[in-house]
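What follows is a single structure, written as structure tokens, with notes after it.
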Amino acid sequence: MKIKKMIETSLIDWEGKIVSTLYVSSCNFRCPFCYNCDLVLNPDSFSDVSEEEIDGYLVERKDFIDGICMSGGEPTLDPDLPGYFKRIKEKGFLIKLDTNGTNPRMLEELLSNNLVDYLAMDIKSSLNFDHYGQAAGIKDKILLERVKESIKLIMGSPVEYEFRTTVVPLLHTEETILEIAASISGAKRYVLQSFSATEKTLDPSFQKIKSYASEKIRELSEKTKKYIPNCSWR
Ligand code: SF4
């Protein structure tokens, strides 16, 4: 498993848990607002973090580290992910997976083998290709079909999860957010994340976009509650 970056201790990547956050590099999306663009576009500029190094850190701190958050990039592109999670679980750690939802077959495998304790899946836009293609920077319609499949799979499974959308003014209006919410109506949890224009972005022109005011994001989250009562924002 190629891990390119590790945040040794994080209190913010899994609510209520202390984790080490691990990042893979590759991604099959090119979201213009992506903050991890260095990892996505220049993976070779990062050296690998070895499994031994990660294991050593986790095992030595087992008393206070609850588990890992696997992020990226898109972790499910690596065929070694299930095996890696199995080894982490055998050491007694919990696992959160961040995913863009384009590999439902692997998600199915992870869920049926109880290899994930919490799933956070991005929903980049409303589920029509004009919107999704623009927000995810993709031209291949099959990827959106896979996203839809993953939504169904996750909502039908007993796993703890959240769907989340980074809300970007150029890409999302109130109507877009309500369309997304309607398409995942009844989900366990939906989180709106405010895009922060000060970050580095995959498309540099997005650095100039002014974020929505917090009040606007809060209002949006209130409106989506008619579809998903457990909707929040961050
Ligand atoms: S924000 Fe988009 S491009 Fe960046 S890692 Fe996530 S899915 Fe990939």
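With the structure loaded, tell me whether Lys200 is closer than 25 Å to Cys69 by Cβ and either surrounded by fewer than 15 Cβ atoms within 10 Å (Cβ to Cβ) or at pLDDT 95 or above (or both) or whether it fails that test. Criteria met by Lys200.
In this entry, Glu175 passes the filter for residues that are more than 16 Å from the ligand (Cβ to nearest atom) and either in a loop (DSSP other than H, G, I, E, B) or not hydroxyl-bearing (Ser, Thr, Tyr) (or both). Condition check for Ile7 on (1) surrounded by 14 or more Cβ atoms within 10 Å (Cβ to Cβ); (2) touching a residue at least 24 places away in the same chain (Cβ under 8 Å); (3) closer than 24 Å to Gly101 by Cα: one failure, at (2). Of all residue pairs spaced 6 or more apart or on separate chains, none has beta-carbon atoms under 7 Å together with a first member in segment 165-179 that is on the phi > 0 side of the Ramachandran plot and a second member that is surrounded by fewer than 16 Cβ atoms within 10 Å (Cβ to Cβ) and not in a loop (DSSP other than H, G, I, E, B).
Looking only at segment 89-126, residues that are part of a loop (DSSP other than H, G, I, E, B) and within 16 Å of the ligand (Cβ to nearest atom) come to 7 in all.
Are any residues in segment 194-234 among the β-branched types (Val, Ile, Thr) and not in a loop (DSSP other than H, G, I, E, B), and if so, which ones?
Ile217, Thr224
Which of the residues belonging to segment 22-66 are part of a helix (DSSP H, G or I) and either within 16 Å of the ligand (Cβ to nearest atom) or in contact (Cβ under 8 Å) with a residue 40 or more places away in the chain (or both)? Once the filter is applied, which keeps residues that are part of a helix (DSSP H, G or I) and either within 16 Å of the ligand (Cβ to nearest atom) or in contact (Cβ under 8 Å) with a residue 40 or more places away in the chain (or both), segment 22-66 yields Cys37, Asp38, Leu39, Val40, Leu41, Pro43, Ser45, Glu51, Glu53, Ile54, Tyr57. The residue that is farthest from the ligand (Cβ to nearest atom), among those in segment 152-172 that are assigned to a helix (DSSP H, G or I) and surrounded by 13 or more Cβ atoms within 10 Å (Cβ to Cβ), is Met155.
The values are calculated or read from the model by the stated rules, or taken from the named source; none is laboratory data. From a predicted model like this one, the values you see are computed outputs, not experimental measurements. No Cβ is skipped: glycine too gets one built from the backbone with ideal geometry, and neighbour counts run over all protein chains shown.
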